[in-house]
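Engineer: Please see the structure below; I have some questions.
The values are calculated or read from the model by the stated rules, or taken from the named source; none is laboratory data. Since we're looking at a predicted model, the values are computed, not measured. Every residue, glycine among them, receives a Cβ derived from its backbone with ideal geometry; neighbour counts consider all protein chains shown. Side chains are part of the model used for accessible areas, which takes the heavy atoms of the whole protein and leaves out ligands, DNA and RNA. Shrake-Rupley method; radii C 1.70, N 1.55, O 1.52, S 1.80 Å.
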Amino acid sequence: MPMSTGGRTLPCDRPTGDSPPGTGIGELPAARLAELPAAAVLAGLAAGEQGLTGAEAAHRLAVTGPNALRSHRARAWPVLARQLRSAVLLLLLATATVSFLLGEHSDALIIAAILAASVGLGFVNEYRAERATEALHTQVQHTVVAIRDGAPRRVDVVDLVPGDVVHLTLGTVVPADLRLLSTSGLECDESILTGESLPAAKSADPVPPGRPLAELGPVAFLGTVVHAGAGVGVVARTGTRTEFGRIAAGLGQRQPETDFQQGLRRFSVLLLEVATVLTSLIFVTNLILRRSLIDSLLFSLAIAVGITPQLLPAVVSTSLAAGSRQLARRKVLVKRLVCIEDLGDLDILVTDKTGTLTEGAISFDRSLDVTGAGDDRPALLGLLASDVEVADGRVVGGNPLDVALWQAHRPPAGYRRLGELPFDHERQLSSTVVLTPDGDRLLVTKGAPEAVLARCAEHDGPAAGTVAALFEAGSRVVAVASRPAPGLGQPTAADERDLVLAGFLAFRDPPKDGAAESLRRLAGLGIEVKIATGDNPRVARRLCAELGLPAGSVLTGPDLDALTDTELAGAAQRTTVFARISPEHKARIVRALRRRGRAIGFLGDGVNDALALHQADIGISVDTAADVAKDAADVVLLEKSLDVLADGVAEGRRIFANTIKYVLMGTSSNFGNMFSAAAASALLPFLPMLPAQILLTNLLYDSSQLTIPTDHVDPEQLAAPSHWDLGFIRRFMLTFGPISSLFDFVTFGVMLGPLHAGAELFRSGWFVESLATQTLIIFAIRTRRVPFTRSTPSRPLTVATLAVVAAGVALPLSPLAGPLGFTAPPLPFYLALVGMVLAYLVLIEVAKTAFFAEPARPAGPPVRRRRASHAVHRRAARFSTAGR
C-alpha cells in the first residue's frame, strides 16, 4: 500500500449539489461554533471534508466577497483630505479668508496660490504613490494550502470562502475563522486577540457552553499564528465577519505614527508656537502705535504665514513619492511611504542567513551513515518522516529541507503513515509512526543532530566527528533515528526516546552571489550586520568567513537562556553570530538591541522569523518568503538582493537629509526676516512691508524650495542615520536667524540713510534684498562643505533659486510694480545689494564652520516602542486586496 503524502487526507463525505454556503453558520458567534460537532458545521456550510470544487468556490466568492479586511485602492478624496489636515495649511486658509472678507483681495489671492501649490503638489505626489503602492501590492500574494477539486492546492487567502478545507502547518497565519476537523499537536499564538503570551492548545473536540475566547480549542481564528503542530479546518467565517476582522475594523485605517511623523508634528508645533508669540507681539505693538486695526491684523497674519514652512507637507510628500518611485523601479514594496525614512534610520541589521545571505535554493547533497560513508537508509527514513503536501506528483507545500529531499528521492511503495508529531523550534525534531511493508510499526525521528543524539539510547563514536566535518564544510545537517513502536499510533514528545541513530542527511545552501559586496555597502552606510540563525554555529561562522563578515563572538540558544535581559543587552552589542536559536530567541535579541536606543531592522524570510520581524523597528522580508514573514514585514524586497536593501537605506537617508534642508531654511532665513519685520514695524512710522508683499516674498521663495527633493546629498550625510533633533533646529535658528536680521538692518540703514527712501522705495529695496538673501542661503545650508567647489547642488535647485532671485530683482522694475506697491530702486542700491549679498554669504560660511565645529550635544537617539496596534495593522494588511 503506498504511503500517504502527509497523512492528513480525509475521507470524502461531501454532500452533492451546488447549494450555496449556509448563512446561519457564518453568523454564529465563535463560542457557539466551538460547541458544535465538526459534522454539524460541515453540514451547515454545505461542505465536506474534501473541500469544494473550483466552480463551487467561485460561486461562493461572488456571494460572500473576498476574504479581505481592507483594500489598497488608491482613492482621490481621502488623499486630498489628508493634505488639509496640516495645521500650517489651516492657518493659511484662515488668513486667506480673513483677508478676503476685509477687502484685501490681492493678499487673499497670493495666499490662495500658496495654499493651492502646497495642497496640489502634496495631492499629486501622494496619489501617484498610492497608485504605485496599489500596483505593487498586486505582486505580493499570501497563499495557503486548501483542498480544491479533491486535491491540495495553493490558494490566495483573499479567495477563500466558507466551506473551504484548509491545512495548517507551523508558522501559518490562520487565513480565516476555522472550525478544526483534525489536529496533531496543534498550538496557536492568539496573543493578538486574547493578550495571552502562551500559545493555546487546539483540538477538534467540541467544548462545553460558556467558554471564553481563549478557551475555544476547536476554533482557529484569523490572524493568529500556528506555533506548533498541524491541523485541518473548514472555513466558517471570512473577512470582516471574523473575530480579528471586528478588531481591525474598530481600529480603522489610520496607522500609528512613525518616529519621522512624530518629528514632523513636533517641529510644526514648535513653529506654530513661535509664530503665535511673534504675531501677538506685533499685533499689540501696532495697536499701541495707533495703527489701523485691519492693517495691524493683516500684517500680523502675514508675519505668521511668513515664519511657517507652508510647503513642508508638499516637500515631504514630494520626497517620499520620488523615493517610492525610485524604490519601485528596484522592485521594493514599502507598505507605507513613511517607512522609507524609517528604513534610512537603521544602524543595526539582524538577518537570518537562509535566503538572504545564501541562495535559499536548498539542495539535497548526500545521505550518510554514522561514520560518514554513503548510505541510503537515512534518506529512506527521512522521506518517511517528511512533512510535505503533494498534488499531481508535485510538491506544493512543506519545509525547504523536506522539499529538497523529495525532489531528490521518492518514498518506496508499501509504507503507510499512521501518525505524526510535527517539527517545532523548541524540540527541533519531528516524528512519524509508519507501518512497514512487513506490518511492523516504526517510529522515525529527525531533526537537529544534537537534539536527535540526545534521544538515542547510544550512538557510535564516529557520529560526533562526522557531524563536525559536515558543519565545517558548511553543510546543513539533519540527523535521522528510529526504533520499533509496536501499538503506537499518534506519537508524543515522550515517545522520542531510546532511538537508534541511522545517520545524517546533508544539504547545501551556498552563499548568494554579490552578498559579500552588499554587506560591504551596508557597512559603508554605517550599518552593523548580525546573523541570527537556527543553524549550527560552525556553519554560521563558515558563512561569515566566505562573505568576509567578521564573525566576532558567538552566542547560542543555551547561552541566551543563561543571560538576563540586561546582560543580553550588553552581550548582543558585542556579538555578530547568534546560532541554534529559536524564534523567541530572535525576538528577544531584537528587543535587547532596541533597549540601547538603536534603530533595529530585521531581515528574514522563514516562519521562524515572524516574531523578530514584528519586534524590529522595521521588518524586512522578500517576496519568496513564507507568508507569515511577509505579513510581519514593513518592507518586502521583490528581488532577493541585499543591494536593493542598501539602496532603500540610502534613499531613506537622502529623503531625510533633503527634508531637513527645507526645515533649516525655514528656521533661519524665514525667522530672521520675520524678526526684522517685527522690529522695523515698531520703529518705523510706516509698515516695513505690506502684507501682500510679505506673502509674495514667501510665494516666490517657497517655489524655489520645491526643487529641494531633487538635490544631491553629500556622502557623509548617508554614512549614518540622522534623527529629528529639535534642540539642534532651535540652535540653528538662533544662530543663523540673527545673521539674516543683521543684513536686513544694514539694508534699512542704506535705504533710510544714503538713499533717503520713502515707504514705497523702502519696501521695494527690502523686498529685493530679503528675497535674495533668503533664497541664496540654500547653497550654504544644503551642505557642510564649501558650496559649488566641494558640493554641487542639483541643476533643478540651482535653476529655480537663480530664477527666483532674478524675478525678485525684476518685479520692482516691471509693469507689475505699481499694483504691488513697488517702485524702481536706483542703481546705487543694486551695487550695494551685490556687496551685501556677497558679505552675507561669506559670513554664513564662517558661522557654519564655527557652528558645526562645536562638540555635538548628545541628544540621544529616540527610544522606539512598538504600539500594540502595530501588530494588528500589520496582520490586517495581509488580508487585503489591491484594486479589487
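Engineer: Take the stretch 740-762 and flag every residue that is polar (S, T, N, Q) and closer than 20 Å to T667 by Cβ.
Structural biologist: If the condition is that a residue be polar (S, T, N, Q) and closer than 20 Å to T667 by Cβ, then S740, S741 are the ones that fit.
Engineer: Does the stretch 290-326 hold any residues that are at pLDDT 70 or above, in a loop (DSSP other than H, G, I, E, B) and of a type in the set (A, V, I, L, M), and which are they?
Structural biologist: Hits for the stretch 290-326: nothing passes.
Engineer: Name the residue, out of V750, V746, V768, V837, that is open to solvent by 10 Å² or more (accessible area, probe 1.4 Å) and under 30 Å from D711 (Cα atoms).
Structural biologist: One residue alone meets the criteria, V837.
Engineer: Would you call A47 assigned to a helix (DSSP H, G or I) and at pLDDT 85 or above?
Structural biologist: Judged against the criteria, A47 is not a match.
Engineer: R591 - would you say it is open to solvent by 10 Å² or more (accessible area, probe 1.4 Å), without any contact (Cβ under 8 Å) to a residue 60 or more places away in the chain, in contact with a helix residue (DSSP H, G or I) (Cβ under 7 Å, 6 or more places away or on another chain) and assigned to a helix (DSSP H, G or I)?
Structural biologist: Yes: the conditions hold for R591.
Engineer: Could you pull out the residue among G7, G24, G17 that is open to solvent by less than 50 Å² (accessible area, probe 1.4 Å), in a helix (DSSP H, G or I) and modelled with pLDDT under 85?
Structural biologist: Residue meeting the stated conditions: G24.
Engineer: Also: Modelled with pLDDT of 75 or more, open to solvent by less than 20 Å² (accessible area, probe 1.4 Å) and closer than 30 Å to D711 by Cα: does that describe L333?
Structural biologist: Yes.
Engineer: Of all residues in the stretch 198-229 being open to solvent by 30 Å² or more (accessible area, probe 1.4 Å) and outside any loop (DSSP other than H, G, I, E, B), which is modelled with the highest pLDDT?
Structural biologist: A201
Engineer: Are any of the residues in the stretch 773-781 at negative phi, among the aromatic types (F, W, Y) and open to solvent by 10 Å² or more (accessible area, probe 1.4 Å)?
Structural biologist: Checking the stretch 773-781: at least one residue is at negative phi, among the aromatic types (F, W, Y) and open to solvent by 10 Å² or more (accessible area, probe 1.4 Å).
Engineer: If the requirement is being more than 28 Å from P449 (Cα to Cα), among the charged types (D, E, K, R) and touching a residue at least 40 places away in the same chain (Cβ under 8 Å), which of these qualifies: D623, D565, D605?
Structural biologist: So the residue among D623, D565, D605 that is more than 28 Å from P449 (Cα to Cα), among the charged types (D, E, K, R) and touching a residue at least 40 places away in the same chain (Cβ under 8 Å) is D623.
Engineer: I've got another one for you. Every residue in the stretch 570-587 that is open to solvent by less than 40 Å² (accessible area, probe 1.4 Å), part of a helix (DSSP H, G or I) and either within 15 Å of Q615 (Cα to Cα) or in contact with an Asp or Glu (Cβ under 6 Å, 6 or more places away or on another chain) (or both), please.
Structural biologist: Hits for the stretch 570-587 are P583, H585, K586, A587.
Engineer: Search the stretch 669-716 for residues being free of Cβ contacts under 8 Å to residues at least 12 places away in the same chain and part of a helix (DSSP H, G or I), and hand back the single one that is most open to solvent (accessible area, probe 1.4 Å).
Structural biologist: Result: L683.
Engineer: A further question on this structure: Filter the stretch 492-541 for residues that are more than 26 Å from the chain's Cα centre (by Cα) and of a type in the set (A, V, I, L, M, F, W, C) and give the result.
Structural biologist: Across the stretch 492-541, the qualifying residues are A493, A494, L499, V500, L501, A502, F504, L505, A506, F507, V539, A540.
Engineer: Cβ contacts < 7 Å: first residue open to solvent by 20 Å² or more (accessible area, probe 1.4 Å), restricted to the stretch 540-562; second residue part of a strand (DSSP E or B) and of a type in the set (F, W, Y), any location; separation 6+ or different chain. Result?
Structural biologist: Cβ pairs passing all conditions: L555/F578.
Engineer: Find the residue count for the stretch 436-447, including only residues that are in contact (Cβ under 8 Å) with a residue 40 or more places away in the chain and open to solvent by 10 Å² or more (accessible area, probe 1.4 Å).
Structural biologist: Qualifying residue count, the stretch 436-447: 4.
Engineer: Could you look through the stretch 785-804, keep only residues that are of a type outside the set (A, V, I, L, M) and loosely packed, with under 13 Cβ neighbours inside 10 Å, and pick out the one that is modelled with the highest pLDDT?
Structural biologist: By that ranking, first place goes to R795.
Engineer: Looking at D725, is it touching a strand residue (DSSP E or B) at 6+ places or on another chain (Cβ under 7 Å) and either charged (D, E, K, R) or open to solvent by 30 Å² or more (accessible area, probe 1.4 Å) (or both)? Spell out the reasoning first.
Structural biologist: Values: touching a strand residue (DSSP E or B) at 6+ places or on another chain (Cβ under 7 Å): no; either charged (D, E, K, R) or open to solvent by 30 Å² or more (accessible area, probe 1.4 Å) (or both): yes.
Here the answer is no, as D725 does not meet what is asked.
Conditions tested, residue by residue: (1) aliphatic (A, V, I, L, M); (2) assigned to a loop (DSSP other than H, G, I, E, B).
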| residue | (1), (2) |
| --- | --- |
| T466 | no, no |
| F471 | no, no |
| G474 | no, yes |
| A481 | yes, no |
| G487 | no, yes |
| R497 | no, yes |
| A502 | yes, no |
| F507 | no, no |
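Engineer: Oh, and also: Which numbered condition trips up A646, out of (1) under 30 Å from I729 (Cβ atoms); (2) buried (at least 24 other Cβ atoms within 10 Å of the Cβ)?
Structural biologist: (2)
Residue-wise test of (1) at pLDDT 90 or above; (2) among the aliphatic types (A, V, I, L, M).
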{"site": "G489", "(1), (2)": "no, no"}
{"site": "E496", "(1), (2)": "yes, no"}
{"site": "V500", "(1), (2)": "yes, yes"}
{"site": "A506", "(1), (2)": "yes, yes"}
{"site": "D513", "(1), (2)": "no, no"}
{"site": "S518", "(1), (2)": "no, no"}
{"site": "G524", "(1), (2)": "no, no"}
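Engineer: In the stretch 476-491, is there at least one residue being under 30 Å from L642 (Cα atoms) and open to solvent by less than 20 Å² (accessible area, probe 1.4 Å)?
Structural biologist: Yes: one or more hits.
Engineer: May I pose another question? Within the stretch 516-530, track down each residue that is open to solvent by less than 70 Å² (accessible area, probe 1.4 Å) and part of a helix (DSSP H, G or I).
Structural biologist: Within the stretch 516-530, A516, S518, L519, L522, A523, G524 meet the criteria.
Engineer: Checking L180 against (1) within 30 Å of the chain's Cα centre (by Cα); (2) open to solvent by less than 40 Å² (accessible area, probe 1.4 Å); (3) under 14 Å from V232 (Cα atoms): exactly one of these is not met. Which one?
Structural biologist: Going through (1) within 30 Å of the chain's Cα centre (by Cα); (2) open to solvent by less than 40 Å² (accessible area, probe 1.4 Å); (3) under 14 Å from V232 (Cα atoms) one by one, L180 breaks only (1).
Engineer: Contact list please: Cβ distance under 7 Å, first residue in the stretch 459-484 and in contact (Cβ under 8 Å) with a residue 40 or more places away in the chain, second residue of a type in the set (D, E, K, R) and open to solvent by less than 50 Å² (accessible area, probe 1.4 Å), pairs at least six apart or on different chains.
Structural biologist: R476/D509; R476/D535; V478/K446; V480/K446
Engineer: For the condition open to solvent by 30 Å² or more (accessible area, probe 1.4 Å) and farther than 23 Å from G758 by Cβ, what is the one hit in A824, A807?
Structural biologist: Working: A824 fails: farther than 23 Å from G758 by Cβ.
Going through A824, A807 in turn, the sole match is A807.
Engineer: Next question, about the same structure. On the basis of being assigned to a loop (DSSP other than H, G, I, E, B) and either touching a residue at least 12 places away in the same chain (Cβ under 8 Å) or farther than 30 Å from R377 by Cβ (or both), does D513 make the cut?
Structural biologist: Here the answer is yes, as D513 does meet what is asked.
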